[in-house]
1. Between Lys56 and His83, what is the FRET efficiency for a Förster distance of 22 Å, r being their Cβ-Cβ separation, to the nearest 0.05?
2. Give me Asp22, Asp59 sorted ascending by neighbouring Cβ count inside 10 Å, so fewest comes first.
Amino acid sequence: MTEVLPSTDQLDAVVRQVPGVDALYPAGSIVSTVLSATVHAVTHPGQAAPMVLIEKQADGVRVTVRIGIGATESSTEVSGRVHDAIAAHVGQSGTVPVAQIAVIVARIG
């Protein structure tokens, strides 16, 4: 059976809808971000490159996201909501187990 990885575009939208998230930043390293943006620009002209990083590993997928939250928000609560939203979205596919979800708070305020 072929594993179907979750769509980064859909995960971007899922994370942006989480209460308390007011920004989404590229989650990969500078090199991977530039490479991903270049490939995305060629394959999807006119669309913004996805911000959520999905990496396939032997035991499942690793999802990394970098968020900005409002100054009045609790980083713990918002991070937990983002984690749960990603887990629910990826879990809906039922074909790829989640090995790790990393939520990085890059900015508060």
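A short reminder: the numbers here are calculations on the coordinates, not readings from a lab. Predicted model, so just to flag it, every value in this text is computed and none were measured. Neighbour counts run over all protein chains shown; Cβ positions are idealised from the backbone, glycine included.
1. Details: r = 19 Å, r/R0 = 0.88.
Once the sixth-power term is evaluated, E becomes 0.70.
2. Listing Asp22, Asp59 from fewest to most nearby Cβ atoms yields Asp59, Asp22.
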